[in-house]
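Undergrad: Got a structure here, written out as structure tokens. Questions coming.
Throughout, read-outs are computed from the coordinates displayed, never taken from laboratory work. Note that the structure is a prediction, hence the values are computed from the model and not measured. For neighbour counting, all protein chains shown are included, and Cβ atoms are generated from backbone atoms with ideal geometry for every residue, glycine included.
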Ligand code: ADP
Ligand code: MG
């Protein structure tokens, strides 16, 4: 399996003793020394000069050279923060948090004071903050309150090569304000070499290259394709662990679930290896991982042990973990894909691009020669991988962005200065969707509903559901549901050895087949009744951390309700009105039961299934709406609620006609589908 070992021996750097008097030094002094050893340090003066001389500068440097942590500090030291804050955007919230934490340490200040971060639903900044790390999406939202970004002296769009949707939109907006704010400095930084494209877009802005140091990396391919890349990854990690010199391992997986699986199996198998083998410390890292655990990946590996980091794409360029000597690359990542014709969006596991494969391999050669084990064949690499990934703007639902741009007063979207324009079909679809949601009128102008929706940092369907709850007098319930949905799929805890107990506990919240949305509401309310008890969470297999996050989000949504002048109202137990409010946002996501137990989406028919974790998976109501689609073995609907078809026509008359919801034959249910009595 994964026969990629060649027995080459490496110089064992990790065990070489460190004989200077570093113990005597304070932590701060040590960090200052670390700063000086980064590749970027030698170019400090030159870089500051270039920034002084040019309004826009494209900066290119290998991952780990110090761009993200150092450049904002250099600018601060050079006095730029006297004129305003420095924003540094990151595509991922984990990166924003972790980098801000590091920089606050390096500056010897408390996180949230001079150095802070801002991510959706979490603002860790204060009056004092001058270096603000933030997700690109948050800076985009700041335009709503401050269209010229007057409080900033520098904007650094970092990780530009990731080309996230928000980064691409930011490009257009910052390019525009730079024209009339001559005092604003704009830095576009990237880890890859296609800087020309950025330079061209920003009117031939100069490119500043930070030469990186990189040790040779040996690349190994598998000789035959792997049927199961998870299994192959586990075997490869164990092979490295028992046959290769010490040095940490970085494994690229596609998401939290995969990481948890590999974590569990590795722990199990390592026990079987006996005590002669060096200790293997497993460190997962993904977006929803609690902050305390995130810090663990940066802790130095104890002498004689080996660390294996199980990471999502986040470790490709956003985070640099020192000491990685081996990379295991299964060659996949999870990406959002969108079909503008049907308006369907789904998360898919896809092969990575060659550019990504190179970045991943590079992670092993930072501190010494490295090895990268690709769990695919050379042929596969040469013939099947694309050169570069498709920018998100060309494969995603644009409704959110269109709503934001409209709120910024940008109406002519077709002529917006996109670096790579989205397919016009996708733009049209977004306009159509916003029109159906009543966020835009027939002339494409923002309506009052649309203006209210734009206040919420949520997808338009969720914000519409909240705004609609005003009409149904159930905003109290709806923001709890919205908060629970925003936490993601980490509410219920399902340990492998207690699955039956966990599933039974979960079903308690579904009594009466109320559907997944109401079940989430039940969880939230029950927890609230126990006065937010941790013990209660344990007893009910609920993740307390996710609940706390939901409470946080809910508090913020409550604040936003006030801002858009929607009263907090509760309608007690009238579930139908709650479901109608949900339908007001999610009517696009309706599906009807078929004879074989599958579902067909009502508009743009496609076959989908209720996710096995849904409370309605055994119930199979005739009509449902769903929160999202995920494609694993099948196209599954996640978070499903029963619906009365006439609501569709009542709530979205310009989207559904009577014929769409023609329910003739409703009485003749197929045998065995056991419709629940509601
Ligand atoms: P770049 O942005 O060029 O990829 P960074 O500024 O992110 O580089 O990283 C520079 C160095 O800072 C890394 O090599 C790493 O040693 C250190 N570093 C960055 N973030 C952290 C962190 N959260 N904890 C510990 N060290 C970190
Ligand atoms: Mg960086």
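Undergrad: Quick one: order 411, 627, 161 by neighbouring beta-carbon count within 10 Å, fewest to most.
TA: Exposure proxy ranking, most exposed first: 411, 627, 161.
Undergrad: Can you give me the convex hull volume of the Cα atoms of segment 77-176, divided per residue and expressed in Å³?
TA: Each residue corresponds to 101 Å³ of Cα convex hull volume.
Undergrad: A follow-up question, please. Highest mean first, how do 431-439, 536-544, 414-422, 514-522 rank when packing is the count of other Cβ atoms within 10 Å averaged over residues?
TA: 514-522, 431-439, 536-544, 414-422
Undergrad: Would you work out the relative contact order for segment 348-417, in percent, from Cα pairs under 8 angstrom that are 6 or more residues apart?
TA: 37
Undergrad: Continuing with the same structure: Applying a 10 Å radius around every beta-carbon, put 598-605, 527-534 in order of their mean neighbour count, most first.
TA: 598-605, 527-534
Undergrad: Can you tell me what share of the DSSP beta bridges in the chain is antiparallel? A percent to the nearest 5 is fine.
TA: The antiparallel fraction comes to roughly 35 percent.
Undergrad: Quick one: grab the alpha carbon gyration tensor of segment 199-287, order the square roots of its eigenvalues as a ≥ b ≥ c, and give me rounded if a/c is under 1.5, else prolate or oblate depending on whether a/b is larger than b/c.
TA: Because a/c hits 1.5 or more and a/b exceeds b/c, segment 199-287 counts as prolate.
Undergrad: Output the relative contact order of segment 563-660, whole-number percent, from Cα pairs under 8 angstrom with separation of 6+ residues.
TA: Relative contact order comes out at 24 percent.
Undergrad: Further, regarding this structure: Can you tell me the order of 265-273, 165-173, 178-186, 52-60 when each peptide is scored by its average per-residue count of other Cβ atoms within 10 angstrom, highest first?
TA: 165-173, 52-60, 178-186, 265-273
Undergrad: Most exposed first by the Cβ proxy, i.e. fewest other Cβ within 10 Å, how do 221, 586 rank?
TA: Fewest-to-most ranking of 221, 586: 221, 586.
Undergrad: Return the whole-Å distance between the Cα centroid of segment 179-211 and the Cα centroid of segment 142-177.
TA: Each part's Cα centre sits 13 Å from the other's.
Undergrad: Express in whole angstrom the spacing between the alpha-carbon centres of segment 321-365 and segment 494-548.
TA: Answer, in whole Å: 33.
Undergrad: In what sequence do 545, 374, 360, 341 fall when counting other Cβ within 10 Å, fewest first?
TA: So the ranking, lowest neighbour count to highest, is 341, 545, 374, 360.
Undergrad: Can you give me the relative contact order of the chain as a percent, contacts being Cα pairs under 8 Å and 6 or more apart?
TA: Rounded, it is 11 percent for the chain.
Undergrad: May I pose another question? What value in Å³ per residue do you get for the convex hull of the alpha-carbon atoms in segment 209-259?
TA: Given the Cα convex hull of segment 209-259, per-residue volume reads 160 Å³.
Undergrad: Could you tell me how far the Cα centroid of segment 240-259 sits from the Cα centroid of segment 266-317, in Å?
TA: Between the Cα centre of segment 266-317 and that of segment 240-259, the gap is 8 Å.
Undergrad: Take the Cα of residue 570, step 7 Å along the line toward its Cβ, and report every residue of segment 474-496 whose backbone nitrogen sits under 15 Å from that point.
TA: Under 15 Å, as judged by backbone N against the label point of residue 570, lie 474-481 of segment 474-496.
Undergrad: Considering only segment 88-214, what is the antiparallel percent among its DSSP beta bridges, to the nearest 5?
TA: 20
Undergrad: Further question on the same structure: Which of the three applies to segment 404-562, rounded, prolate or oblate, going by the alpha-carbon gyration tensor with a ≥ b ≥ c and a/c under 1.5 meaning rounded?
TA: prolate
Undergrad: Bin by bin, in steps of 5 Å, what percent of the Cα pairs in segment 251-290 do you find, going until the bin that has the longest distance?
TA: Values per bin, smallest distances first: 5, 21, 29, 20, 13, 8, 3.
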